[in-house]
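Beneath this line is the structure, given in structure tokens, with notes to follow.
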Amino acid sequence: MCGITGYVGPRPCVRTVIDMLRRLEYRGYDSAGVAVAGRPTAAGDTDVEVVKAAGKLAVLESQLHDHWEKQGTAIAHTRWATHGGPTTPNAHPHFSNDGRIALIHNGIIENYQELKEDLIRKGFHFTSDTDTEVLVHLVDHAFRAAGDMETAVRAALRRVTGAYSIAVVSTHDSETLYAAKTASPLILGLGVGENFLASDIPALMRYTKRVLVLEDGDFAVVTRDAVSLTTLEGKPLVREEFLVTWDEQTAEKGGYPHFMLKEIYEQPRALADTFRGRITDSESVRLTELEGFTKDQLATFTRIQIVACGTAYHAGMVAKLFFEKLLRRPVSVDVASEFRYSDPLVGPDTLCIVVSQSGETADTLAALREARRLGATILSIVNVVGSSITRESHATLYTQAGPEICVASTKAYLTQVAALYLLGLHLAGVEARLDSGLLRSYVRDLTMLPDAVEEVLGRALLVEELAARLAERKTFFYLGRGYDYAVALEAALKLKEISYLHAEAYPAGEMKHGPLALVEAGVVVVCFGTQPHLFEKMLSNLKEVSARDGLVVAVVPENEHRADSAAEYVLRIPAVRPEYAPIVAIVPMQLLAYLVAKARGREIDQPRNLAKSVTVE
Ligand code: F6R
């Protein structure tokens, strides 16, 4: 989604906000712009200077030659089109008719049409098709009455309904940044004699590790030396400052050609970090995050409901099988965008597990609110500290993947599955459901997963060979049963989102009910066979496909040879406990998707039409 940056202080402000914006490119965007409120010059300049351009940041940068060393207060923005196409006029910042106020916005103004008509009646003219532009004219209109920017920004915001985070600069008040948030994330970075704002932490890390996460309804007035936080109505607020422990390098490519590859290779570490401090020496799982729940309270949850979107939903599918096996109680898993409108059957007896990397996904947040409204207890599994979902949950288990920059999720997925395994084992331990020896062996096997993933990565050369063979194919099926079906869904999603190839996942037994009609020479069918009790069934499905000339790739544990003669290509993965196979089986598929996309010359880290954090419905 859109990226926002802002700076007030002594550095060259355009250089600073553009540099910060570059670190938000992963959010996906289609135009970019910057505005500077410079100090008054001898020539008496009073306009905010605005430069914007459709396309990638490089296009904007090519127009900034005279601006790089400018002093002043600046805001910058990358836009992901919602109202109005991805054109230069629609790019942010938008500016007032007198050129003295500029504003950037992330979100949607729902009542913009009626506000626009009213402003046009009052004589304001519009230069874009965006919902955002009404806001800057509203500020200007209010400034004409109040003569004071702070009052004007507050007054303008009181007239809009919808979701926003905004930042405003003006030459009425050129050493102050105004910012506010109701929905989309906004973070203040605190410096000495300078302050920053951004929609996400990686933008700030080069400059400061001290951050304040704004909450819905917060209004900030930011100068070089001070940050004042209030509600929109002016009631003072205190938000806790925290220190970001990620270093700058962690958020950059670290020598890999793409963030995706870097993040795939970070998975053993991400898994180990997710387990760290949560597994005791006596091989049990201890989640301090859940200490607020007593054993009796946990026992009242007769239902478990998981909600999430996309990859996080696939992690939820793994958890459903794991929890049902360990806890012997019904677990439902729903896509958040369906759940929120489904009049769901949840209530005070439900533990609702919300899974999200960003913690900002609009549908997931809405699903959380619906479950909460119905009385469910919310436990979130989230990667981004302080994000909206964590703030609205009763408890949060962080995944410790570190910043994930590539739009296609890899390490966040693996750590979501890992955190869900931890949760299942914790609950099984509290409820004393399993034989203690068995429970310990589950925990012990979990700790072996970082090494198992490392081993898969060590065999990447074999996946390279396969990718070279498959790169020109057009249609891919991924088939599995049980846990393998969840892996198939995630593997297909990875391939389609970054290579733009048609990839479908099916429960293997469903092929004969329709999709088998599509299998012919040239179609690639990846069959997962990691579940011993389902292997024979899977083998029949694999043979059905090879009999119809499909190119079969089998993904099987290293000690499994029954598919060797029927498959054209066999990828072997370490033999782990079958319930944990999703962790090792997905890794070669991430590599395959990456290598096929690379061979096809795709952009990879920022696939077309997609955004990292989907903060609109
Ligand atoms: C796919 C992918 C998406 C996200 C989905 C939910 O690779 O990353 O499908 O999983 O948009 O995002 P979060 O986890 O941030 O709620």
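The values are calculated or read from the model by the stated rules, or taken from the named source; none is laboratory data. It should be emphasised that the depicted structure is a prediction, and the values quoted were computed from it without experimental measurement. With ideal geometry, Cβ positions are generated from the backbone for all residues, glycine too; neighbour counts draw on all protein chains shown. Calculation scope for accessible area: heavy atoms of the full protein, side chains included, ligands and nucleic acids excluded. Shrake-Rupley method; radii C 1.70, N 1.55, O 1.52, S 1.80 Å.
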For this session: Taking the residues in the range 466-508 that are open to solvent by 10 Å² or more (accessible area, probe 1.4 Å) and of a type in the set (Ser, Thr, Tyr) as candidates, determine which candidate is farthest from the ligand (Cβ to nearest atom).
Result: Thr475
Exercise. Can you name every residue in the range 567-580 that is within 19 Å of Ala508 (Cα to Cα) and open to solvent by less than 20 Å² (accessible area, probe 1.4 Å)?
Worked result: Ala567, Leu571, Glu579
Exercise. Do you know which of the residues in the range 598-613 that are in a loop (DSSP other than H, G, I, E, B) and of a type in the set (D, E, K, R) is nearest to the ligand (Cβ to nearest atom)?
Worked result: Lys612
Exercise. In the range 211-241, how many are surrounded by fewer than 17 Cβ atoms within 10 Å (Cβ to Cβ), under 22 Å from the mean Cα position of the chain (by Cα) and assigned to a strand (DSSP E or B)?
Worked result: 0
Exercise. Within the group Ala366, Ala376, which residue is modelled with pLDDT of 95 or more and closer than 28 Å to Lys496 by Cβ?
Worked result: Ala366
For this session: Would you mind finding the one in Ala554, Ala566, Ala581 that is at pLDDT below 95 and away from the ligand (no atom under 16 Å from the Cβ)?
Result: Ala566
Problem set entry | Scan of the range 134-147 for residues that are without any contact (Cβ under 8 Å) to a residue 24 or more places away in the chain and either within 18 Å of Val222 (Cβ to Cβ) or out of contact with any helix residue (DSSP H, G or I) (no Cβ under 6 Å at 6 or more places or on another chain) (or both), ordered by number | His141, Arg144, Ala145, Gly147
Exercise. Among Asp564, Asp549, which is over 28 Å from the mean Cα position of the chain (by Cα), part of a loop (DSSP other than H, G, I, E, B) and either on the phi < 0 side of the Ramachandran plot or crowded, with 24+ Cβ neighbours inside 10 Å (or both)?
Worked result: Asp564
Problem set entry | Any hit, the range 569-576, residues being more than 22 Å from the chain's Cα centre (by Cα), of a type in the set (Phe, Trp, Tyr) and more than 30 Å from Ala367 (Cα to Cα) | yes
Problem set entry | Qualifying residue in the range 273-283 (condition: in a helix (DSSP H, G or I), out of contact with any helix residue (DSSP H, G or I) (no Cβ under 8 Å at 6 or more places or on another chain) and surrounded by fewer than 17 Cβ atoms within 10 Å (Cβ to Cβ)) | no
Exercise. Within the range 46-77, restricting attention to residues that are among the basic types (Lys, Arg) and over 25 Å from the mean Cα position of the chain (by Cα), which residue is surrounded by the most Cβ atoms within 10 Å (Cβ to Cβ)?
Worked result: Lys52
Seminar exercise, completed: Listed by first then second residue, the pairs whose first member lies in the range 155-168 and is at pLDDT 95 or above, whose partner is open to solvent by 30 Å² or more (accessible area, probe 1.4 Å) and part of a helix (DSSP H, G or I), with beta carbons under 7 Å and at least 6 positions apart or on separate chains, are Ala155/Ala146
For this session: Collect the residues in the range 4-31 that are at pLDDT 95 or above and small (Gly, Ala, Ser), keeping them in residue-number order.
Result: Gly6, Gly9
Exercise. Restricting the search to the range 477-493, which residues are in contact with a Ser or Thr (Cβ under 8 Å, 6 or more places away or on another chain) and charged (D, E, K, R)?
Worked result: Asp484, Glu490
Exercise. Are any residues in the range 294-323 without any contact (Cβ under 8 Å) to a residue 40 or more places away in the chain and outside any helix (DSSP H, G or I), and if so, which ones?
Worked result: Thr294
For this session: Name the one entry in Leu493, Leu479, Leu461 that is at pLDDT below 95, in the same structural domain as His533 (by TED's automatic domain parsing) and hydrophobic (A, V, I, L, M, F, W, C).
Result: Leu461
Exercise. Before we move on, is Val526 in a strand (DSSP E or B) and surrounded by 15 or more Cβ atoms within 10 Å (Cβ to Cβ)?
Worked result: yes
For this session: Would you list the helices (runs of 4 or more DSSP H) that sit entirely within the range 324-441 and hold 3 or more residues that are open to solvent by 10 Å² or more (accessible area, probe 1.4 Å), away from the ligand (no atom under 14 Å from the Cβ) and in contact (Cβ under 8 Å) with a residue 24 or more places away in the chain?
Result: 411-430
Exercise. Does Ile120 satisfy the criteria of being closer than 27 Å to Glu215 by Cα and in the same structural domain as Val34 (by TED's automatic domain parsing)?
Worked result: no
Exercise. Among (1) open to solvent by less than 40 Å² (accessible area, probe 1.4 Å); (2) at pLDDT below 95, which single condition is Leu103 missing?
Worked result: (2)
Exercise. Which of the residues belonging to the range 356-403 are more than 24 Å from Ala163 (Cα to Cα) and touching an Asp or Glu at 6+ places or on another chain (Cβ under 6 Å)?
Worked result: Ala395, Leu397, Gln400
Exercise. Can you pull out the residues in the range 74-106 that are outside any loop (DSSP other than H, G, I, E, B) and of a type outside the set (A, V, I, L, M)?
Worked result: His77, Thr78, Arg79, His94, Phe95, His105, Asn106
